[in-house]
Structures are given as C-alpha cells and as structure tokens.
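Remarks on the structure that follows.
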Amino acid sequence: MPGINSPLDYSQEPPRHPCLKINAKEPFNAEPPRDALISSYITPSDLFYKRNHGPIPVVDDIKRYHVLIGGLIENPIQLSMDDIRKLPKYDVTATLQCAGNRRTAMSEVRKVKGVGWDVCALGNATWGGAKLSDVLKLVGITQCTIVTPLGGRHVEFTSVDKCKEEKGGPYKASIPLIQATNPEADVLLAYEMNGKILNRDHGYPLRVVVPGVIGARSVKWLDKIDIIKDECQGFFMQKDYKMFPPTVNWDNIDWSTRKPQMDFPVQCAICSLDDDNLVQVGKVVVSGYAVAGGGRGIERVDISVDGGKTWIEADRYQKDNIPYAADDINNDKWAWVLFRAVVPVPRNTEIIAKAVDSAANVQPENVNDIWNLRGILNTSWHRVRVRRSPVANSNL
C-alpha cells in the first residue's frame, strides 16, 4: 500500500512501557501486571495488551495512505484518512480481549499451543472513528443489509501486517455483513484511542474495532475492505481461533467442523491478588474485572473463600465508582465491569471468582471441561491461593 512500509523484520519496533510482561519478543506480545490493569476503568494505551502476529508496520507518508473498498459491489472506491475523518465521528468505549487470555492456566492442566497469557490479555479503551455502517453507505450498502445485489454476505478486513501463518501474506479476518451494516453494533474504523491518535502498536493510522467479539477480528493497520460471498478464508479464520472439545487433538483435528469464534463468553478474573499470596490474618480486598461478549451486561460477580460452598456478591462499577446495574441504558454496554469485595480469610484457602452475565450465562467451574488444543476462551472460575502470614496485622 502507498504510504506504508512493512518489512518482514523487527528492526523498527516502537518503544513500550517497562512494566509490561513480555510473553513473546518476535512478534511482540505482552500484557500489563494485574494491579496496573485495574488501576483505572479506561486502560492507558501503553498498558493495553499488545497482540501481534508480525512486525509493526511503519506509516511513512500519511497523505498517501488510503483504504480500498471493493469486492462484490458495483463501484469500488479508495478512501484517504481525510475522507474517513469527514464522516460523523463516534466514540465507543469497548473492551478488546485476546481469545488466548488465561491460556497459561489452561496449559497447566494439559499442554496447549500458543502464546502464554496470564489474566491481562485485554483492555478497555474509548475508540474514536467512523462507523463502518456509514463507510459502507459510500459504496451503496444501506444499513442492516444481509446480502448485496452481487451476493456479498461478509465483510473482509485485510491488514498491512505480514505474518508467517499467511506465508508472508497479510493478516485478515471477516464479520457478517449484517453486523457490519448495523449501526447499533458500533463497529468502527477507529483512528483514535482514548482521545489521542492511535499509536503504532494499536493500529496507526486506522484499525477496525468490533465490540463484543474476540480481538482477532478487530484488524489493525487496515489496508482494504472487501465485500465477499463467504467468510474470510484466511488462516486466522479457518485454522485458528475455533473452539474444539477436549477430545480433539492435533492428530484428529478437522478445522472445517467448527465455525470461527466471534463473541467471547462471560469472563472474570481477580487482579488484586497473584496466583499465590501471603496475607495477614483478617480480611483481603478482592478486585478485578468481568466482561461478556455480544454487548451482554454483568449481572453478578460471586466470590468464595471456601471452595465454592458459599458465596459473597461483589460490588460492581464502571466509571467513577458508580454502582453498576446490568440493565442500565447509561452503561457502556461493550465495556468491562470492575468488581470489588472485602472477604474474610480465616485460614489458608483458595479464593474463587465467577461472573454471570445478563443472559444468565455463568463461567464453567473447571478448566478441564473447556480444555482445547489451542488454549482459547479459558473462562473457568478464576482461583488464587492465599496463605496466612504468621504475623498478625492489628489493622485488619
């Protein structure tokens, strides 16, 4: 693409925050510490997880940068950044989550393939840009269209990003046309993150943001958009990010038997505590995040200190510590919910958190039941171990 230099080397990587936990260097994949992740409702861009499949592209001439819209439409067009900025701008607060979040814990049960992630492969940001439904109007596709006159049913996003899985070709993904053209789905072509121009790690100069869907479909460094008949045939749609049962292994896998994963299930994790903790006798603060895909709210977050025999309901909030209710129309429906509870710790124990979404979906109890060979969607109850310190703290 004119205006972008994307060599298949790692010599031009951007600077990153020193606190990030690096899970892979080339390509660069990293997440923030747990306590840093939940230190604010909106995740700063430098603490937002970094998920890459290749070198970070370099835009060397923004005036020459453009996005081609083609495929099964009558009149393909090219859009510059100025063209996109002329469209109505929307700000959408949405949580993006890697499908491999919490993969490391799943791999401890049985080895899986993929980058190891703790519980912080997600972040919550306010994305600014044009709605994809408005962009597609420019090529004659009206709102809430299921199929175009030429038979297009899906919208494919192709990145400048080159990756080995595509044999040196570009990363790509797709979503259904009906989702892309529905303004209520809030799919964006975003050029801002938290009120500032996107940085290179997060897709500068333009990326797709598909709220409520696994992060793999929110393509960064957008090159072109194609209206296609069938879903994208790229590697990450057809041979990755699919949910298989525990009985499937690398010898008997048939990728064609599963559809690409889109919405992410209800998820929560404790971020105020590590996997193993030494605390004083008394009480501890248990806080973290909960999030559900598809725009579903969080109905409840339950905390247990006795292996799930009894539960304490945590307080929930989004911005400004205002108490959260799942059915409140003023909520950020695509965003995570933060939770907090103060619980007694009378002895050495395991603290558990589980969330329930507004459709009454609940996290599964055991990771064994959802184990899969790619280690995606580990949404099992989150557990941390707590040991009593022999020194009592009189303030507790």
Tally time: how many residues in the range 297-310 are surrounded by 17 or more Cβ atoms within 10 Å (Cβ to Cβ) and not in a strand (DSSP E or B)?
-> 2
Limited to the range 325-383, what total is found for residues that are in a loop (DSSP other than H, G, I, E, B) and on the phi < 0 side of the Ramachandran plot?
-> 30
Members of the range 312-330 found to be open to solvent by 30 Å² or more (accessible area, probe 1.4 Å), under 23 Å from the mean Cα position of the chain (by Cα) and modelled with pLDDT of 95 or more, listed by number | 316, 317
Going through the range 255-283 one residue at a time, which ones are outside any strand (DSSP E or B) and either of a type in the set (D, E, K, R) or at pLDDT below 95 (or both)?
-> 258, 259, 274, 275, 280, 281
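Here is a yes/no grid of residues against (1) open to solvent by less than 10 Å² (accessible area, probe 1.4 Å); (2) at positive phi; (3) not aromatic (Phe, Trp, Tyr):
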position	(1), (2), (3)
152	yes, no, yes
155	yes, no, yes
173	yes, no, yes
185	no, no, yes
194	no, yes, yes
221	yes, yes, no
Pairs returned, first residue in the range 111-140 that is without any contact (Cβ under 8 Å) to a residue 40 or more places away in the chain, second residue that is open to solvent by 10 Å² or more (accessible area, probe 1.4 Å), beta-carbon separation under 8 angstrom, 6 or more apart or interchain, are 137/143
So which residues in the range 283-296 are more than 16 Å from the chain's Cα centre (by Cα) and open to solvent by 10 Å² or more (accessible area, probe 1.4 Å), if there are any at all?
-> 283, 284, 285, 287
Please enumerate the residues belonging to the range 103-130 that are open to solvent by 10 Å² or more (accessible area, probe 1.4 Å) and under 24 Å from residue 318 (Cα atoms).
-> 118, 126
List, please: which pairs have Cβ atoms under 7 Å, are six or more places apart or on different chains, and start with a residue in the range 75-102 that is closer than 30 Å to residue 378 by Cα and end with one that is crowded, with 23+ Cβ neighbours inside 10 Å and basic (Lys, Arg)?
-> 98/51
Taking residue 212 as the residue in question, decide whether it is open to solvent by less than 20 Å² (accessible area, probe 1.4 Å), within 25 Å of residue 70 (Cα to Cα) and touching a residue at least 12 places away in the same chain (Cβ under 8 Å).
-> no
Sort out which residues of the range 228-245 are out of contact with any helix residue (DSSP H, G or I) (no Cβ under 7 Å at 6 or more places or on another chain) and touching a residue at least 40 places away in the same chain (Cβ under 8 Å), and write them in order of number.
-> 228, 229, 230, 232, 237, 240, 243, 244, 245
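The values are calculated or read from the model by the stated rules, or taken from the named source; none is laboratory data. All values reported here derive from a predicted model rather than from experimental measurement. Note that we place each Cβ from the backbone using ideal geometry, even for glycine, and neighbour counts take in every protein chain shown. Just the protein is used for accessible areas: all its heavy atoms, side chains included, with ligands, DNA and RNA removed. Shrake-Rupley method; radii C 1.70, N 1.55, O 1.52, S 1.80 Å.
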